[in-house]
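Everything below concerns the one structure shown next.
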Amino acid sequence: MLDATMTQQLGAYLANIRTPIELVASLDDSEKARDLGALLNEIAALSDKVTVRNDGRAPLRPSFQIARVGEDTGVEFAGIPLGHEFTSLVLALLHVGGHPPKEEAELLEQVKSLTGSFHFETFYSLTCQNCPDVVQALNMMAALNPAIRHVAIDGALFQSEVDKRKVMAVPTVFLNGEPFGQGRMDLAQIVSKL
């Protein structure tokens, strides 16, 4: 799935993981699931701090969760995050793995102090240039605060979900099943809406 350059770059980034993580796959019998399984195994082969489990229970398949070993971390991708979302995948691996995000300390403290239950879902497209900002911000929030969960959903792969939710453009974000926002949003904008 990854070319030689991407593999080399990813291997260098994964050296920054501080805490062991696991990629928990929820797969079906589709070709996309086989592709996702291959990608996850390629990632795990690049770091002794990354392992793969194939016993995920996510309702959307193929998908995978990025979790700290022994924890139920709330970062999940439904689909194969390549294209514009590859950077989102790399940052999610790093942030869940304990590498500190490059954001203002005050803003990160605001995220860590949020209480309640926040289940975000972001519909994205692999060709969308605005989607990574939103996906990365919400993944970072989920990596920092156990009260926050985020599923990044590839709209092209899950067309029935797009139709059911009446998603007209990407990125579109839902919070606890209700519309939350559409279009480019950064971390500060998302936190200010909570």
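The values are calculated or read from the model by the stated rules, or taken from the named source; none is laboratory data. In this text, all values refer to a predicted model and were calculated from it rather than measured experimentally. We place every Cβ from the backbone using ideal geometry, glycine too, and count neighbours over all the protein chains shown. These area figures cover heavy atoms from the full protein model, side chains too; ligands, DNA and RNA do not enter into them. Shrake-Rupley method; radii C 1.70, N 1.55, O 1.52, S 1.80 Å.
When 147, 156 are screened for being open to solvent by 60 Å² or more (accessible area, probe 1.4 Å) and over 21 Å from residue 18 (Cα atoms), only 156 passes.
Here is a yes/no grid of residues against (1) crowded, with 21+ Cβ neighbours inside 10 Å; (2) of a type in the set (Lys, Arg):
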| residue | (1), (2) |
| --- | --- |
| 165 | no, yes |
| 169 | no, no |
| 187 | yes, no |
| 194 | no, no |
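Within the range 114-143, the set of residues being farther than 28 Å from residue 166 by Cβ and surrounded by 20 or more Cβ atoms within 10 Å (Cβ to Cβ) comprises 143 only. Would the range 169-188 turn up any residue that is among the hydrophobic types (A, V, I, L, M, F, W, C), over 16 Å from residue 119 (Cβ atoms) and without any contact (Cβ under 8 Å) to a residue 40 or more places away in the chain? Checked the range 169-188: at least one residue is among the hydrophobic types (A, V, I, L, M, F, W, C), over 16 Å from residue 119 (Cβ atoms) and without any contact (Cβ under 8 Å) to a residue 40 or more places away in the chain.
Listed by position, the helices (runs of 4 or more DSSP H) inside the range 114-194 whose residues that are touching a Ser or Thr at 6+ places or on another chain (Cβ under 6 Å) and under 27 Å from residue 68 (Cα atoms) number at least 3 are 131-144. Can you run down the residue pairs with Cβ atoms below 7 Å, 6 or more apart or on separate chains, where the first is in the range 127-142 and closer than 23 Å to residue 115 by Cβ and the partner is in a loop (DSSP other than H, G, I, E, B) and open to solvent by 40 Å² or more (accessible area, probe 1.4 Å)? Every condition considered, the pairs that remain are 134/184; 137/186. Taken over the range 171-185, the criterion of being open to solvent by 70 Å² or more (accessible area, probe 1.4 Å) and not polar (S, T, N, Q) is satisfied by 178, 179, 184.
Taken over the range 18-64, the residue count meeting the criterion of being in contact with a Gly (Cβ under 7 Å, 6 or more places away or on another chain) and of a type in the set (Lys, Arg) is 2.
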